[in-house]
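The values are calculated or read from the model by the stated rules, or taken from the named source; none is laboratory data. Please read these numbers as outputs of a predicted model, since none were measured by experiment. Note that we place each Cβ from the backbone using ideal geometry, even for glycine, and neighbour counts take in every protein chain shown. Side chains are part of the model used for accessible areas, which takes the heavy atoms of the whole protein and leaves out ligands, DNA and RNA. Shrake-Rupley method; radii C 1.70, N 1.55, O 1.52, S 1.80 Å.
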Amino acid sequence: ANGKVYKPNSIVVANGSWMRHLLPLPVTPHKGQSFSLRMPTNAPPILSRVLFAQDTYIVPKADGRIIVGATVEPGQFDGDITPSGMMHCLSEATRLIPSLGELPIEESWAGLRPTTPDKCPILGITEQWDNVYIAGGYWRNGVLLAPKTGQLIGDLIINNGNMNELSEGDQALLKA
């Protein structure tokens, strides 16, 4: 608004499902709907470890919540919670643990997973610009990969995009 122009030394494009709006990258959203249930405070836990099944996961939390998720809805850019999404998650969870059907739903949400065709992240330097770095396309693993991604992209920036300055292991990750 005031005409000021910023000239950064480096730019990191890490805007999730919206990456393709800035750069020609094959990143699309896959919406995931989830919800949490609340265990009664005076009841023994229904579940003591994470349960992964074909089409759902159930995660007990120390605070008494049980997280149930998630749908996989390719190409959806909305954050709406739908009855069909909740029914999908609820029916799969109660098929595995029927007593979950008696717990109150505390919260529901939807998120957008930035997804590439091979479901692997896009990381590293760009061919077009020597100071633009890309970090995204994590599918369901963004939270899990965030620490290593930060280290990889940070090291690339510190070394002006020169991958040869990184460890062999880090070079292999970026080349993959």
* Identify, please: which residue in segment 36-50 is within 22 Å of the chain's Cα centre (by Cα) and buried (at least 16 other Cβ atoms within 10 Å of the Cβ) and is, among those, nearest to Trp139 (Cα to Cα)? -> Ser36
* To do: Considering only segment 1-25, state which residues are hydroxyl-bearing (Ser, Thr, Tyr) and either modelled with pLDDT of 95 or more or not in a loop (DSSP other than H, G, I, E, B) (or both).
  => Ser10, Ser17
* To do: Look through Asp55, Asp80 and report the one residue that is in contact with a helix residue (DSSP H, G or I) (Cβ under 7 Å, 6 or more places away or on another chain) and charged (D, E, K, R).
  => Asp55
* Quick one: count up the residues across segment 133-156 that are open to solvent by 50 Å² or more (accessible area, probe 1.4 Å) and either farther than 16 Å from Asp170 by Cβ or in contact with a Pro (Cβ under 7 Å, 6 or more places away or on another chain) (or both). => 5
* Asked: What is the number of the single condition among (1) closer than 30 Å to Gln171 by Cβ; (2) under 19 Å from the mean Cα position of the chain (by Cα); (3) open to solvent by 80 Å² or more (accessible area, probe 1.4 Å) that Asp130 does not meet?
  -> (2)
* **Residue list for segment 103-116, filter: modelled with pLDDT under 95 and open to solvent by 40 Å² or more (accessible area, probe 1.4 Å)** => Leu112
* **Residues located in segment 55-84, provided they are closer than 14 Å to His30 by Cβ, small (Gly, Ala, Ser) and not in a strand (DSSP E or B)** => Ala70, Gly75, Gly79
* If you scan segment 47-65, which residues turn out to be in contact (Cβ under 8 Å) with a residue 24 or more places away in the chain, in contact with a strand residue (DSSP E or B) (Cβ under 7 Å, 6 or more places away or on another chain) and aliphatic (A, V, I, L, M)? -> Leu47, Leu51, Ile58
